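Rule-based calculations on the coordinates, nothing more; no lab input. Computed from a predicted structure; not experimentally measured. Heads up, the Cβs are rebuilt from the backbone with ideal geometry, glycines too, and the neighbour counts pull from every protein chain shown.
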């Protein structure tokens, strides 16, 4: 009788166990990178390096805008070799880290690819255009930083998404006053890509603030 009772109890226990669903309790931070999209991973990577590495790197390495414009008069590649960074691929553009100060002569804040043009020499002509976003063109922030290396990433698609994520970070960091900016003075630090010596200088800013 006791044996029958034990067998019955074991059977009921097994039935209850079979009806249960065992759910593992994952440890915090144990989520596999494989479950994230490329966009998620590159956004996270941009978050890791933007403020901690890229912003101080630009602040340390940026040259004054007149230094670049003067060097360009001596030859495009000579200016690039002296002041720029270029990927290894033949024919790649030069990327420059720049800083300066200028007066806003035109601002387009209605477009998603918002910009403002600065006169840095006092002749009422635009010398540099600051990309405000949210749509920011190019890969200058990524390519002007020599510590960001293509071979550290899976492929060109992932590398392109890193550039876009860095641009998104730059846009998110820009804080501008409301209203018309024309006539206001700003100082900037950031990156620009040039394919020829006569290209307009479009800067992706890592710093943009009203000058005192």
Once a ≥ b ≥ c are taken as the square roots of the eigenvalues of the Cα gyration tensor of the range 38-210, is the result rounded (a/c under 1.5), prolate (a/b larger than b/c) or oblate (a/b not larger than b/c)?
oblate
Points 7 angstrom from Cα along the Cβ direction at residue 59 and residue 109: gap in nanometres?
2.6
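What ranking, highest mean first, results for peptides 100-110, 137-147, 173-183 when packing means the other Cβ atoms within 10 Å averaged over each residue?
137-147, 100-110, 173-183
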Quick check: Cα centre of the range 44-64 to Cα centre of the range 75-126, how many Å?
17
Listing 111, 35 by rising number of other beta-carbon atoms within 10 angstrom, fewest first, gives 35, 111
What nm distance separates the two modelled labels at residue 156 and residue 38, each placed 7 Å from Cα along Cα→Cβ?
1.1
